[in-house]
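Here, each number is a calculation from the coordinates, and none is a lab measurement. From a predicted model like this one, the values you see are computed outputs, not experimental measurements. Here the Cβ positions follow ideal geometry from the backbone for every residue, glycine too, while neighbour counts run over all protein chains shown.
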Amino acid sequence: MVFRKLPGVSASGMGLRLSQKFVFLLFLSGLVTLCFGALFFLPDSVRLKRMFLSKSETQPVTAAGSGAAENDAGERSKRPREQEHPRDVTSNKVESGFAMGASTGGGGVGGGGGGGGLARLKGLTRKMHPSSEATEERLAGGKAQEDLTLGLEKVSSPDTSTFAYKKFRRCLLKTPLGRDGGKPEDLMTNERREKVKEMMKFAWDNYKEFAWGKNELRPLTRNGHVGNMFGGLRGASIIDSLDTLYIMGLLDEYHDAKEWVRDSLDLTSNGEASLFEVNIRYVGGLLSAYYLTGDELFRTKVLELGAKLLPAFNTPTGIPKGVINLGSSGSSWSWGWASAGSSILAEFGTLHLEFVHLSELSGDPVYIEKVMNIRKLLNKIEKPQGLYPNFLSPVSGNWVQHHVSIGGLGDSFYEYLIKSYLMSDKTDEDAKNMYYNALEAIENNLVQKSPGGLTYIAEWRGGILDHKMGHLACFSGGMIGIGADDGAPDKRQHYLDLAAEVTRTCHESYDRSATKLGPEAFRFDSGAEAIATRLSDRYYILRPEVIESYMYMWRLTHDPKYREWGWEAVEALERHCRVEAGFSGIRDVYTLSDSHDNMQQSFFLSETLKYLFLLFSDDDLLPPEDWVFNTEAHPLPVVRKSCLQDLSTVAQDKNKLSE
Ligand code: DMJ
């Protein structure tokens, strides 16, 4: 108005023309806007936010999300080489999870506007995995780190669906795939690693050619196998392979797998499925794929599947039954072979890791509540000699039989106790206490030394020892090893020694066979030491447990013998299990005239080959500070609650500001 009153007259007292005054005011208002904006967008730190926002505005929010946008759909032309250099991500959309700019651009976030554009530009010029930069700053300590870490959040919108992924990535201490994708400097080790990658490609290519979309490959008859473990679900080998393909840099194959998930994974199918198997393979596989790639497709699928598992918990105790119909009825029942309608310890006790992440990603605490209820019941119930029997009634909540085993029927329950503790950033004290108490009871009652000096873990039947160790029990070397640091300080070396002894025994079970592969179960009675004495125990079905322990023991001790033992296994697999169209189990490890079982198990792709690849990789590939492997070897990130809450606070602040 003032301007209209004084057209063309210089501003009184200042000698300014109207147009000059207009420009000056424009400049001033721009400056004010910039300063104000800078407060909220540039040095984006929680501390700063807290200075300007009221307490109620800085409460943590959960990460519930909705939208499901694909980050890298259709992007199929990535070369493995690119993936081996996760830091060089300026043009690598496969690594979109690693490249802030790419994931923002394609993630369907609704931020837009100048601030988002500026931040996006900043992100693209950084050329580094945001977690890796933030990590380096974090390790260096100081305020710069906090500003950098949280400043990255500018690129996300209040849409929590992309935020769920980003905040997890930002709370990692190290780059997931390491400095150079875990590539070892030593030439021979690298050659061995490349050999394992070739085995994976061979197994995958044959599955793709002859069994695509089925659950497993039958390599002799060159067709697919469906089986009855997964109800109407299909593609078990695809889901189990996603993360292995990704970390090995087999990215064309990974994209084929992802496209199948997008176009063909049908979660609406009926059929009787094992709750345990669906959880460890499908839920675990999809979760890992999500956390490694940030692709919303996997999150959407895993949440859809997770919800279908919940009816299994509708029992008087909340202990789930073993079998569930994934169709709309959601009915569930116990295995026919499990006595008196009981549920199996290794099944209902192997849900915790995945269910914690289902709650994290959905924002719905129902999953955590289900597994905490199981935990509480097991903690409270009386245990014979402190041991956990394998069968429990989901109706009465009492043990049904007193058979105890760290092998089949019991195994991964113990594994999930220590891993729950580790995955909780070492805050889950109940899991920790239950694990060490259980281990003490196992040591007191089951751990034995053979006359030949081999340490083994026997089974227990109502107080009577069965001097047998299953191949499945051989995971325990690795488990005892990774738990060595967190028990009583004076027991660390004791646990490492025990882990090494059990792993050596399992290696002996391989070494004492003609094929150098281990039997399904080996015994320590009637003069036998680490060999199968029953015909029915002589088979090998491509199981991972012995190699799994080599991998953990290598990382814990760097004793070269573990890599040598792993290489022996590679050679034996090549010699006896590789057939023209894939890998097959064998019926008798003690005879050289191989009789193949015509089955390439999905866990061979998910576990056996992944653990071998890790064994020959540098330790910075999926480092243990950040990742815990579920029992099917699917890596899940450590849940750093305090870090996640700080980041959630930022998201909430942003929501407030955008209102
Ligand atoms: C895998 O499916 C899992 O490791 C499970 O815990 C038990 N064993 C098989 C492989 O042997």
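Within the range 522-547, being in contact (Cβ under 8 Å) with a residue 12 or more places away in the chain, away from the ligand (no atom under 15 Å from the Cβ), part of a loop (DSSP other than H, G, I, E, B) and touching a Lys or Arg at 6+ places or on another chain (Cβ under 6 Å) holds for A530, A532.
If the condition is being among the small types (G, A, S) and out of contact with any Asp or Glu (no Cβ under 7 Å at 6 or more places or on another chain), then the range 471-513 contributes S476, G477, G481, G483, A484, G487, A488, A499, A500, S509, S513. Taking the numbered list (1) farther than 18 Å from Y552 by Cα; (2) in contact with a Lys or Arg (Cβ under 9 Å, 6 or more places away or on another chain) in turn, E632 passes all entries but (1).
Under the condition of being surrounded by fewer than 18 Cβ atoms within 10 Å (Cβ to Cβ), among the small types (G, A, S) and within 24 Å of P635 (Cα to Cα), the residues counted in the range 203-254 number 1. Please determine whether any residue of the range 427-438 is out of contact with any Ser or Thr (no Cβ under 7 Å at 6 or more places or on another chain), within 16 Å of the ligand (Cβ to nearest atom) and not hydroxyl-bearing (S, T, Y). No. Among residues that are charged (D, E, K, R) and in contact with a Gly (Cβ under 8 Å, 6 or more places away or on another chain), D588 is not included.
Residues of the range 568-627 that are among the acidic types (D, E), away from the ligand (no atom under 16 Å from the Cβ) and under 29 Å from the mean Cα position of the chain (by Cα): E568, E571, E574, D618, D619, D620, E625, D626. Taking the range 628-650 as the range and being more than 16 Å from the ligand (Cβ to nearest atom) and of a type in the set (A, V, I, L, M) as the test, the residues that pass are V638, V639, L644, L647, V650. Of the candidates L361, L345, the single residue that is within 16 Å of the ligand (Cβ to nearest atom) and buried (at least 23 other Cβ atoms within 10 Å of the Cβ) is L345. Out of Y552, Y562, Y510, one residue alone is in a helix (DSSP H, G or I), more than 17 Å from V447 (Cα to Cα) and in contact with a Lys or Arg (Cβ under 6 Å, 6 or more places away or on another chain). It is Y510.
Selection of the range 262-309 for residues being within 16 Å of the ligand (Cβ to nearest atom), within 16 Å of the chain's Cα centre (by Cα) and more than 24 Å from P623 (Cα to Cα) yields F276, E277, V278.
Checked against the criterion of being within 16 Å of the ligand (Cβ to nearest atom) and either without any contact (Cβ under 8 Å) to a residue 60 or more places away in the chain or more than 30 Å from S329 (Cα to Cα) (or both), the candidates G213, G227 yield just one match: G227.
Is one or more of the residues making up the range 490-510 in contact with a His (Cβ under 9 Å, 6 or more places away or on another chain), within 16 Å of the ligand (Cβ to nearest atom) and within 28 Å of F629 (Cα to Cα)?
Let us first name the residues in the range 490-510 that are in contact with a His (Cβ under 9 Å, 6 or more places away or on another chain), namely 506, 509.
In the following step, the residues that additionally are within 16 Å of the ligand (Cβ to nearest atom) were identified as 506, 509.
Narrowing further to those that are within 28 Å of F629 (Cα to Cα): 506, 509.
Yes.
Every test in (1) touching a Pro at 6+ places or on another chain (Cβ under 7 Å); (2) within 24 Å of R193 (Cβ to Cβ) is passed by S513 save one, and that test is (2). The single residue among V639, V650 that is under 29 Å from the mean Cα position of the chain (by Cα), part of a loop (DSSP other than H, G, I, E, B) and over 21 Å from I547 (Cα atoms) turns out to be V639.
Residue-level check: of (1) assigned to a helix (DSSP H, G or I); (2) touching a strand residue (DSSP E or B) at 6+ places or on another chain (Cβ under 8 Å); (3) more than 17 Å from E272 (Cβ to Cβ), I319 misses just (1).
The residues in the range 544-555 that are farther than 16 Å from E508 by Cβ, surrounded by 21 or more Cβ atoms within 10 Å (Cβ to Cβ) and not hydroxyl-bearing (S, T, Y) can be counted, and the count is 4.
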